[in-house]
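These notes are about the structure you will find just below.
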Amino acid sequence: MTLPGEKKVEAVAENAWLKLVGRASMAVIGILMLPLVTSAISWATATSADVNTLKERVTVLESIGKNGREDRQKFQDQTTQMLQSILAKQTDMQSQIAGLSAKLEAQQRELDRRP
């Protein structure tokens, strides 16, 4: 048979034990949460750095694409101008050759007429 005083002692002992377990678990959770929070912060920092790196790469690629288009257009324009210049020179040469051929034919006819 338990006395009423013994029940109070058991209740206090159980209550103290529960408080001890509760506080210990709070301390352990805090200690266990520290690596988790540290990992989360590290991951967020790394992700932020990766995002900044990606932004820089995209900017570089966009500028390369833009400059590449401008360079290709400039090269195409220069090539077109050179081809037009070559064609103009070829036309001039054809005219000069035709003129020289006509002169040679005229001289040949003149030589043929001489006694």
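Brief remarks follow.
- Any hit, the stretch 82-105, residues being among the hydrophobic types (A, V, I, L, M, F, W, C), in a helix (DSSP H, G or I) and modelled with pLDDT under 90: no
For every residue, the table says whether it meets (1) of a type outside the set (Lys, Arg); (2) modelled with pLDDT under 80; (3) not in a helix (DSSP H, G or I).
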| position | (1), (2), (3) |
| --- | --- |
| Thr2 | yes, yes, yes |
| Glu10 | yes, yes, no |
| Val28 | yes, no, no |
| Thr79 | yes, no, no |
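The values are calculated or read from the model by the stated rules, or taken from the named source; none is laboratory data. Please read these numbers as outputs of a predicted model, since none were measured by experiment.
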